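The values are calculated or read from the model by the stated rules, or taken from the named source; none is laboratory data. Here the structure is a predicted model, which means the values were calculated and not measured. Here the Cβ positions follow ideal geometry from the backbone for every residue, glycine too, while neighbour counts run over all protein chains shown. Note: areas computed on protein heavy atoms with side chains; ligands, DNA, RNA excluded. Shrake-Rupley method; radii C 1.70, N 1.55, O 1.52, S 1.80 Å.
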Amino acid sequence: MTPLTQTLYTLAVFAICGTAMAEGLKVAATPPWTMAKDQKLYTLDYSGQGYPGLSCTVEVKPDTYYKLGWKMRCSAPESEASFALGIEVDGRRRFDSYVLTDGWSDYAAYFHSAKGGEVKLRPYANPGQPKTIAVKDLEVTPVTPETFRRNLLPDGDFELSSGVPANWRKTWGTTTNPAVVVSSQDFLSGEKSLEVAFAKGGLQSVQMPVVLGKEVEFKFWAKAESDRALTVSIQAWSPFGHRGEHFYKMDKIKVTPEWREYSCELTVSTDTAKYPDLLDRLMFVSVAGEKDRPGKVRFDGLVFHEVDGD
Amino acid sequence: MTRKLFATTLALALCFAGAIAENLIFNPSFELGVTGTGFIKILQLESNPKQLYEAPVVDGSTSSLRVPNRFAEKCELSFKEFRLKPGAQYTFSAAMRSSIPKLKINVSVTSATTDKAWGWDSKSSTFDVGTAWSRKAFTFKTRGPWPNEWYLLRVEFGKEKDAPAGDLWLDDVQIVEGKSDAYVGSGALEAAASVERAYYITEGGDDVAQAVLKVHNDTKAALDAKLRVTAVEDSVGVKAFSKEFAISMKPGEARQLPFALPLERFGAYRLETELVAGTTPFASHPGFVAVAGRYERRPLDIGESFCVGLNIGAAKYVMPPDQGVVVKPGFRCDGRSADEHLRLLADMGCRLARDWGESMFRWRYCEPKEGAFDFSGVDRTLDLYARHGMSVLPVLGHGDFIEDTSVNGPSWLEWLNAKCVKVEKSGDWKRPVMLPPLDLWRRYVRNIVAHCEGKVGYYEITNEPNGYLAASTYLDYLKAANEEIKRTNPEAKTIGFCSTGDLAGDMEGFLGSCFKLGGLKYADIVSFHPYDAPNLGSVKAADKQIAEAKQLLKQYGDGKDIPLWNTEVYYLRGTFGPQYIESEKHAPYHVAWRFLTDLGEGVAQECFLEEGQIFKNLLSPHCAAHRLSQEALSGDFVVLNALARHFEGAKPVDKIRWGNDCVCYVYERDGQSLAAFWSYGDMKNLKLKLPAKASDVRLFDMFGNELPFPEGAALRLGAEPYYLEAKEGFWLNPFSGALDKKDFVAMLKAGVVEAERPVEAGAEARLVPKNGGWALVVSFRNCSGRDLSGKLGVQGEGLVGLEGVDFVIPANGELAVPVPVKLKGDKPGKVSAKFAVDGRLLDLPLKVGPQAKVLRPGEPAQIGPSTIRMERDGKALKLSFDVKDASPSADVAGRSPWEQDCVELFLDAEPLANPVRYPGAYHGKVARLFLMPYAPEGQRLLVKPGDLDLGGLKVSTATKAGGYTAELEIPLAALKGDYVGFEAQIDDADSVRRHSSANWNSAGDAYKNRHSFGFMALK
């Protein structure tokens, strides 16, 4: 297909199926997805079969970081990540998974493009229970240097979340999602906190952008029913497929019944030969409980950001 | 015996009949001696020229109380307070006899409140008592409803002019519910521990006082019991002594159990007796004893050496009618003779007596008839003071310029009153005054100064004149007095101005006005009464006020170093009760605070306290309006004694603020460095670390007890001051003694006060409109001793904090931070400030007021039946009022603006300001405006702007049937931000005074509390 043909085809699809543009993002909603008129709202009455998705494309600049943000809710909330996002950038594909919630939650996916050009984004449902999924406010925005110094974790105080936290999922080896957003006015501000019932394994965040050579910090407030140990880490593990040595920092902390702030810092290595995962400029954070000691821990005020070293 | 047997038999008979009620009088048959009674006697000069004071004693033969009165003087015997039910019937009864055939006795049962609206509940009866024992009784009904259940019994006689000399015997005193006058006894085991004297002067160590535990089994059965006597320091609560007594007693038996009470530590000790084993009904009364140090009286010039002084009025001269309770003049003895009283004060260390109150220097006593001077009372006073080493400071003119229209009659005597010019509503208090002719005033001053030459060196000219005299009027009298003083005794000093902050007096304003008129030419010393700034933590800080007064002296003093004297401040806490006795209440440390602050701030002399305040009321603590005899000395006595011993003659050297409301004053006395430090705020658990060696300093508590210095450790710092003395050769410097003092100051400056928490929240958080929603302005201070950063949030009932707000606050700094909130109602419940500091979350409770109203452009609002509307254009705000008021206030001349029909407006240009302490107090950017439709044209707007510039205001008013309208235009340039604090009040007056007011947002307290304002949207 020539570029001209491709363009005409795309225009035709948008004309037939309903399209929208947001910050240069082109979204094609093909049935069973529908698009509400005059709204950036897409709805899927999902039978539980197949992989129906939205098709999105965006032109990006080389060596630039981006964030895809959207809001989403579902008629049958789940505790396990069943919604997926396919990202094709620089000719490589990755698949991120998300938990569906019953109230509107803010979702995010970060990516870095080395080469620039077109990036394909495909949010889609995975087979499971029948449900209605609604997506709105899809938006791709560049991640500026200032953004790195703010909080890269979406909804770090969980005030925009309900049910399970939207941008977190259980770590590998964890049997069930241990996290739930609970009502509480116990913390500094807001009405919600994250409660994690640690049994085995833990919780990890979405992938977040990092700049090689820069120091990053993961800090958060936590309190436990009784004194307990947590393992906190910042890791690079390429969502496009792990290569080379595992780059990470892991701290063990003691959480008490009193709210306290904890942090874990690390300077992102520039040795991409040793840690090729870092070529993707993405890292995530995770927390894990004690292996044989179940118990609940509350979290709030989670921040992942670049430490201003200037 | 026969009398008692009869009474007991009758009581038993009635008891079986089921008619016996409880006798509410403690120690009713005086088996415990005079315990639980107080006695005041007014001595007569003619019948008792030697002024012998004879107190009640227990007559050993009958175990009854004998009240001696061989000089026909007024005797007043009070009993320990008791509870009565409102609206209930009670009967007083007592056995009485006299040494003469007919002695008139008055018995009263009284309760008082500090609330003027309630006043008193007093029932009384009079009896003629003969030489034979007889039981007197009267039945009464208490007032109901009545807010104070505590009553006091008084037995008085000898009051009348023609009252005969004659002793009274009293026994089996009783108050019971109902009508019975049959004596039933207390029905309890009664006990009281006491010592022989009200105070002991000791060197500490092994000294002991002989104490006794008196017990009386006033039940009908033999009993075994165990009693415990404890001595607890009354103000700091430290238990100093405890002893148990096992007793076996027959019915009716009384016993005295002596014991030795150690006097190891200075303090004022309450001796409590409690029943620790046994089931019998039990009643007790505390004993009290002050333990003080030996004060060495040295020659002292009160003009040179700072010392302990008091307001005394040594003569305690009472003259009819004195509220109607005095029929014949005399000299009051409150539980001891005048000489004993002065000796007590001298032992304490008092060296200066401001002879005030019941003073013999008053014009009415010195010149009872025109031109005929009588200084016998003055001489008696001077003799008393001289005997006890005190310098006297008379107050010439007293406060007698104020016209007294009460039952007391005119302040001046009739002959003088007739020659006075009356001025209505004079001075800050707008009181009517009687101005005596200046030539007579000169003659009074001249004569008194001449008579007292060699005995009196200082004269204060009138008491608190700013309350009732204009500055220019006062200066006429001051100038005249000063000229007479200097002419008569050039060595004598004139103390002028005596300006007060009491009753909203403008202390600094009066000084400024007088000084501007050249008043400083007529005084050697300036006196003041800092009622509005009594301590460092009061709304107006004491040091700030002194600095302002000193600045005025510098400005107008023509280069002269004019001393400042604090001659009175009875209300030391900075909070005021509904009645003066409530306002006078304080802790002993307040006395130390004021003394040490005055000394440290360079006030040259003080005598701020009233001598009656150093006594403790044990008989009627719940009935504060009663003035009683002065048996027990409070901790004030011990504190003043310690101050006299440690600080008399000291000079100020330096002042250090350690933060967290902690202050340290450094002084020098006879070449020795010393310091005093304390916390004047309300923070708890403060710890002070001083880098001194225990071998170099001596540490004392406020009573003068030496304490081990915690070298390398922290000292718990609270309201009770510590005194620190450098030992001789402090950090010995062989080259210069001066450097020693520098080192002492440097050591103190290196002191660090640590707080329990790094931040403390302010007294009140305030909801303010912000960005279309609401924010809670939380004030807090940094107590950590270092710069701090963190986040502040709020959470609680009725609201949700929407975000944590970043803050940076310097060490010892204070911030007010608005935190966005979501409201879930209009009245938040329990709310906390959440501070994220140093990785921890501190939770501090907040007091939050209700959500206030917001006045928005074009949205009319109601104030009662009246309407307010605000409009805005690009240049100005226009406020329009349509006031419904059918009865206009008539002639308004001379009336305060709020005492006439008017619209009061309150503007706060900085509504987010929220100081940690006194958050609702006015700041400089608050203006109060009065729109007065019935004032003369051109005078219909009155603005009290503070520092708020509201230039360009335009006002118009118009009257109409059934009310008036008013419009005010405020230039927008005068107001900044999105909102200003705003309140409107409609005052409705008749031809005499304001009779009501309606408020838009406040509860009528806007004139003193800017937090009661609502808000006005500017955009």
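This table checks each residue for (1) closer than 27 Å to B:ASP696 by Cβ; (2) part of a helix (DSSP H, G or I); (3) touching an Asp or Glu at 6+ places or on another chain (Cβ under 9 Å).
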position	(1), (2), (3)
B:PHE576	no, no, yes
B:GLU582	no, yes, no
B:TYR589	yes, yes, yes
B:TRP593	yes, yes, no
B:ASP598	no, yes, yes
B:LEU640	no, yes, no
B:TRP658	yes, no, no
- [ ] Check off (1) in a strand (DSSP E or B); (2) open to solvent by 10 Å² or more (accessible area, probe 1.4 Å) for B:CYS333 and give me the number that stays unchecked.
- [x] (2)
TODO: Mind counting the residues in the range B:822-839 that are crowded, with 16+ Cβ neighbours inside 10 Å and facing chain A (nearest Cβ under 9 Å)?
DONE: 3
Open item on the list: Of everything in the range A:260-302, what is open to solvent by less than 20 Å² (accessible area, probe 1.4 Å), more than 14 Å from chain B (Cβ to nearest Cβ) and assigned to a strand (DSSP E or B)? Give them in sequence order.
Closed with: A:LEU266, A:LEU282, A:MET283, A:PHE284, A:VAL285, A:SER286, A:VAL287, A:GLY295, A:VAL297
Task: Residue selected from the range B:228-240 under the condition touching a residue at least 12 places away in the same chain (Cβ under 8 Å) and open to solvent by 30 Å² or more (accessible area, probe 1.4 Å), by the criterion farthest from the chain's Cα centre (by Cα) - done: B:ARG228
Open item on the list: Given the criteria of a type in the set (A, V, I, L, M), within 28 Å of B:VAL289 (Cα to Cα) and open to solvent by 10 Å² or more (accessible area, probe 1.4 Å), does B:ALA719 qualify?
Closed with: yes
- [ ] Please tell me if A:LYS219 is open to solvent by 20 Å² or more (accessible area, probe 1.4 Å) and within 30 Å of A:PHE95 (Cβ to Cβ).
- [x] yes
Open item on the list: Please return the ranges of strands (runs of 3 or more DSSP E) entirely within the range A:191-255 where 3 or more residues are over 18 Å from the mean Cα position of the chain (by Cα) and either within 14 Å of chain B (Cβ to nearest Cβ) or touching a residue at least 60 places away in the same chain (Cβ under 8 Å) (or both).
Closed with: A:192-198, A:215-224, A:228-236, A:247-255
TODO: Could you tell me which residue of the range B:184-206 is least open to solvent (accessible area, probe 1.4 Å), considering only residues that are polar (S, T, N, Q) and closer than 25 Å to B:ILE614 by Cα?
DONE: B:THR202
Task: So B:ILE40, is it touching a residue at least 40 places away in the same chain (Cβ under 8 Å), in a strand (DSSP E or B), within 14 Å of B:VAL155 (Cβ to Cβ) and among the hydrophobic types (A, V, I, L, M, F, W, C) - done: yes
Open item on the list: So A:GLY163 passes all but one of these: (1) within 27 Å of A:THR64 (Cα to Cα); (2) open to solvent by 20 Å² or more (accessible area, probe 1.4 Å). Which condition number does it fail?
Closed with: (1)
TODO: Would you check if A:GLY202 is open to solvent by less than 10 Å² (accessible area, probe 1.4 Å), of a type outside the set (A, V, I, L, M, F, W, C), within 25 Å of A:PHE83 (Cβ to Cβ) and touching a Ser or Thr at 6+ places or on another chain (Cβ under 9 Å)?
DONE: yes
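One line per residue, one yes/no per condition, for (1) small (Gly, Ala, Ser); (2) open to solvent by 20 Å² or more (accessible area, probe 1.4 Å); (3) closer than 21 Å to A:PHE220 by Cβ:
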| residue | (1), (2), (3) |
| --- | --- |
| B:CYS783 | no, no, no |
| B:ASP787 | no, yes, no |
| B:LYS791 | no, yes, yes |
| B:GLN795 | no, no, yes |
| B:LEU802 | no, yes, yes |
| B:ASP806 | no, yes, yes |
| B:GLY813 | yes, no, no |
| B:LEU842 | no, yes, yes |
| B:VAL848 | no, no, no |
Open item on the list: Let me confirm something: among B:VAL526, B:VAL456, which residue is assigned to a loop (DSSP other than H, G, I, E, B) and open to solvent by less than 10 Å² (accessible area, probe 1.4 Å)?
Closed with: B:VAL456
- [ ] Say whether the condition of being of a type outside the set (A, V, I, L, M) and more than 17 Å from A:TYR124 (Cβ to Cβ) is met by at least one residue in the range A:80-89.
- [x] no
Task: Residue selected from the range A:174-190 under the condition open to solvent by less than 40 Å² (accessible area, probe 1.4 Å) and closer than 30 Å to A:GLY241 by Cα, by the criterion nearest to the other protein chains (Cβ to nearest Cβ) - done: A:ALA179
Open item on the list: Condition first: of a type in the set (A, V, I, L, M, F, W, C) and not in a strand (DSSP E or B). Can you find one or more residues in the range B:676-690 that meet it?
Closed with: yes
Task: Extreme residue, farthest from A:LEU188 (Cα to Cα), among residues of the range B:773-800 that are more than 14 Å from chain A (Cβ to nearest Cβ) and of a type in the set (Lys, Arg) - done: B:ARG786
Task: Answer residue from the range B:850-888, given it is hydrophobic (A, V, I, L, M, F, W, C) and farther than 28 Å from B:TYR934 by Cα and is surrounded by the most Cβ atoms within 10 Å (Cβ to Cβ) among those - done: B:ALA852
Task: Within the range B:382-404, considering residues that are in a helix (DSSP H, G or I) and among the aliphatic types (A, V, I, L, M), the one farthest from B:ARG343 (Cα to Cα) - done: B:LEU382
- [ ] State whether one or more residues within the range B:493-503 are of a type in the set (Asp, Glu) and either crowded, with 24+ Cβ neighbours inside 10 Å or modelled with pLDDT of 95 or more (or both).
- [x] no
- [ ] For the range B:840-853, name all the residues that are within 12 Å of another protein chain (Cβ to nearest Cβ) and either touching a residue at least 40 places away in the same chain (Cβ under 8 Å) or among the hydrophobic types (A, V, I, L, M, F, W, C) (or both).
- [x] B:LEU841, B:LEU842
- [ ] Filter the range B:100-121 down to residues that are open to solvent by 60 Å² or more (accessible area, probe 1.4 Å) and modelled with pLDDT of 95 or more and give me whichever is farthest from B:GLU584 (Cα to Cα).
- [x] B:PRO101
- [ ] Go over the candidates B:ASP543, B:ASP561 one by one and state the one that is more than 26 Å from B:GLY704 (Cα to Cα), acidic (Asp, Glu), surrounded by fewer than 24 Cβ atoms within 10 Å (Cβ to Cβ) and touching a helix residue (DSSP H, G or I) at 6+ places or on another chain (Cβ under 9 Å).
- [x] B:ASP561
TODO: Look through B:PRO769, B:PRO818, B:PRO810, B:PRO758 and report the one residue that is out of contact with any Pro (no Cβ under 8 Å at 6 or more places or on another chain), more than 10 Å from chain A (Cβ to nearest Cβ) and free of Cβ contacts under 8 Å to residues at least 40 places away in the same chain.
DONE: B:PRO810
Open item on the list: I need the full set of residues from the range B:361-376 which are over 28 Å from the mean Cα position of the chain (by Cα) and open to solvent by 10 Å² or more (accessible area, probe 1.4 Å), in order please.
Closed with: B:ARG364, B:TYR365, B:PRO368, B:LYS369, B:GLU370, B:GLY371, B:ALA372, B:PHE373, B:ASP374, B:PHE375, B:SER376
